[in-house]
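In what follows, a single structure is set out as structure tokens and then discussed.
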Amino acid sequence: MTGRGREYASALFATGLEDNVLEEIHDGLMVIKEVLDSDPVFADFLLSPAIAKEERVKAVEEAFGNSVHKHLTAFLCILTSKGHIRDLDECIEVFEELYKESMKKSKAIVTSAVELSDEQKDALKTKLEKKSGKELEIIYRINKALIGGLVVELDGTRLDGSIKRRLKEIKEVMEQ
């Protein structure tokens, strides 16, 4: 990451927040990402220094001018004209973080040794949302090596309540 993407995303976020169009910009970014991911030729065209900036900016306006918010079209035109369109993925990632934080939403990854029941998932989600104060999107994973217990990753914090970790701690104490 260059840091430049963070600056651009922060500016876009501030503009969207000021004009109360964050959701429209967020949705538009998802559309743009989908278009560029599905059409690598167009993405390469926007990145190509061999093609005049004016031509690339015009292509952005034609491709997205009527389908996304005007702030987002202007944003893409600036990235393209400055030769910073390669930072778009970082911009989207940072904007997504800022958007989720502003919406009090977050993502958690819960890893368990066995599949959790729906009741267990609901109870866990309720506890984690209460603790974090955010609405959570939870991704559940299974790792039989944990033996039992859970590992929860939420907002950069890892809570390891697995039996594997506890056995490792016991082993370390015994080796001392």
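The values are calculated or read from the model by the stated rules, or taken from the named source; none is laboratory data. No experiment lies behind these values; they were computed from the predicted model shown. FYI the Cβ positions are ideal-geometry reconstructions off the backbone, even for glycines, and counts take in every protein chain you see. Ligands, DNA and RNA are stripped out before the accessible areas are found, and what is left, the full protein with its side chains, is counted by its heavy atoms. Shrake-Rupley method; radii C 1.70, N 1.55, O 1.52, S 1.80 Å.
What number of residues within the range 1-26 satisfy the criterion of being surrounded by 13 or more Cβ atoms within 10 Å (Cβ to Cβ) and either in a helix (DSSP H, G or I) or at positive phi (or both)?
Within the range 1-26, residues that are surrounded by 13 or more Cβ atoms within 10 Å (Cβ to Cβ) and either in a helix (DSSP H, G or I) or at positive phi (or both) number 17.
Of all residues in the range 41-52, count the ones that are in a helix (DSSP H, G or I) and under 16 Å from D87 (Cα atoms). Even if it seems obvious, please write down each step before you answer.
Taking the range 41-52 and keeping what is in a helix (DSSP H, G or I), we get 41-47.
Remaining after also requiring under 16 Å from D87 (Cα atoms): 42-47.
Qualifying residue count, the range 41-52: 6.
Look at the range 68-110 and say how many of its residues are more than 15 Å from D155 (Cβ to Cβ) and either part of a helix (DSSP H, G or I) or in contact (Cβ under 8 Å) with a residue 40 or more places away in the chain (or both).
26
Going by the structure shown, is F45 touching a residue at least 60 places away in the same chain (Cβ under 8 Å) and hydrophobic (A, V, I, L, M, F, W, C)? Outline the logic, then answer.
Values: touching a residue at least 60 places away in the same chain (Cβ under 8 Å): no; hydrophobic (A, V, I, L, M, F, W, C): yes.
Here the answer is no, as F45 does not meet what is asked.
What's the total number of residues in the range 33-42 that are touching a residue at least 24 places away in the same chain (Cβ under 8 Å) and open to solvent by 40 Å² or more (accessible area, probe 1.4 Å)?
Final tally of qualifying residues: 2.
Check off (1) closer than 14 Å to T15 by Cβ; (2) modelled with pLDDT of 90 or more; (3) of a type in the set (G, A, S) for S102 and give me the number that stays unchecked.
Checking S102 against (1) closer than 14 Å to T15 by Cβ; (2) modelled with pLDDT of 90 or more; (3) of a type in the set (G, A, S), the one that fails is (2).
So E61 fits all but one of (1) among the acidic types (D, E); (2) exposed (fewer than 14 other Cβ atoms within 10 Å of the Cβ); (3) over 17 Å from E90 (Cβ atoms); what number is the exception?
For E61, the failing item is (2).
It is to be established whether one or more residues within the range 95-118 are under 18 Å from the mean Cα position of the chain (by Cα), under 30 Å from I51 (Cβ atoms) and surrounded by 13 or more Cβ atoms within 10 Å (Cβ to Cβ).
In the first step, residues of the range 95-118 are kept if they are under 18 Å from the mean Cα position of the chain (by Cα); the result is 95-110.
Then keep just the ones that are under 30 Å from I51 (Cβ atoms); that gives 95-96.
Those left that are additionally surrounded by 13 or more Cβ atoms within 10 Å (Cβ to Cβ): 95-96.
Yes, the range 95-118 contains a residue that is under 18 Å from the mean Cα position of the chain (by Cα), under 30 Å from I51 (Cβ atoms) and surrounded by 13 or more Cβ atoms within 10 Å (Cβ to Cβ).
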